[in-house]
Amino acid sequence: MSPKQKALYSLMEDLGYSHACITATIMLLRDNRYALDDMILFIEDEQPTEDEIIDKTAELLQK
């Protein structure tokens, strides 16, 4: 796992997101370091619901 993936994992785990949500998010964004950065900032700033994380992940994958 890359340092950015580890940072995202730790952040999501600390905020209490489900393991399934964490794993899916990291697996889907794993090859895109900019998407990982965007997701980390999004979660830090917004503390979104899991549904909002799914929507954001889909948005990032379309870029």
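The values are calculated or read from the model by the stated rules, or taken from the named source; none is laboratory data. Bear in mind that the values here come from a model prediction, so they are computed numbers and not experimental data. Because the Cβ atoms are built from the backbone with ideal geometry, glycine has one as well, and the counts that use them run over all protein chains shown. For the accessible areas, the whole protein counts, side chains as well, though only heavy atoms, and no ligand, DNA or RNA atoms are used. Shrake-Rupley method; radii C 1.70, N 1.55, O 1.52, S 1.80 Å.
A few comments on the model shown:
- Reachable aspartates and glutamates from LYS63, criterion Cα separation under 12 angstrom, eight or more residues apart if same chain: ASP38
- More than 14 Å apart - percent of Cα-Cα pairs taken over the chain: 47
- With K and R counted +1 and D and E -1, the other residues having a Cβ less than 12 Å from that of LEU41 yield a net charge of -3.
- A 1.4 Å probe run over the protein chains yields, for the chain, 66 Å² of accessible area per residue, whole-number rounding.
- Pairs of Cα atoms nearer than 8 Å and 6+ residues apart set the relative contact order; for the chain it is 36 percent.
- Given charges at beta-carbon only (K, R positive; D, E negative), |dipole| of the chain in Debye: 420
- The helix-based estimate of mean residue ellipticity at 222 nm for the chain, built from -39,500 (n - 2.57) per DSSP H run of four or more residues and divided by its residue count, is -25000 deg cm²/dmol to the nearest 500.
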